[in-house]
Amino acid sequence: MAIPSSNYPTSTDTATEFPAPSSSTDLDASGYEHDELHRNTSSAAIQLQTKLGHTASTPVAARALVGTGTGTSEWSATLTSMTLAGATLSGAVDGGAQVISNPVVKDYGETVNAIGATGGGTQDIDLEDGNVVTATVTASANTFTFSNPSTSGVSCSFTLILTNGGSQTVNWPGAVDWAGGAAPTLTTSGVDVLAFTTVDAGTTWYGFAAGLAMA
């Protein structure tokens, strides 16, 4: 029997609307298979309505049927105040800039924004592309810009692994406040690791050399 996709009840049926057989004739006497099936089906239908609620009868893709707490249910993409006992993710999750409290993190990785050769001119470092950045200075003078940091009041940091930074002139954003008051001297042929942190959405970036002439 196909389950209908519409015209579900808007309130729980009663025993009058969905009667269970009594025992007055041979068609509704207890002990007969037909009557027992009828009795159990009637009870089950009412219990399902009570458990699942009413009105939201048509399944919706990528939604879960949840109770509203008012005797009805709905197909929702939002699960509120629920405990997830365990799960395996099979796709990307967007945290929506929400706070995650008290996690214990193990065996995690960070996305690398692999810029490659900068090619001179202006090279933007977009924090939405990853908080670990690799780049190689080539060709001519290079001016870095930083974009899309976290909102003010939230710490935002990234690491720049820069190859051959000293081979050309490198200009940094004016918002960078370097440790010691001056940008480090970069390696002409080799790798420098630089770190940057802001707590005010990029108004000020604190910059320092984590390691120079690494290779």
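Every read-out reported here was derived from the displayed coordinates using simple, explicitly stated rules and does not represent laboratory data. Predicted, not measured: the structure shown is a model, and the values here were computed from it. Cβ: placed from backbone, ideal geometry, glycine included. Neighbour counts: every protein chain shown.
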Mind checking the dipole of the stretch 85-215: about its Cα centre, +1 per Lys or Arg Cβ, -1 per Asp or Glu Cβ, Debye to the nearest 20?
220 debye
Give me the distance between the Cα centres of the stretch 70-98 and the stretch 116-160, rounded to whole Å.
33 Å
Modelling each spin label as a point 7 Å along the Cα-to-Cβ direction, I'd like the W75/A175 distance in nm, to one decimal.
4.3 nm
With a 10 Å radius around each residue's Cβ, average the other Cβ atoms per peptide and rank 115-125, 191-201, 95-105, highest first.
191-201, 115-125, 95-105
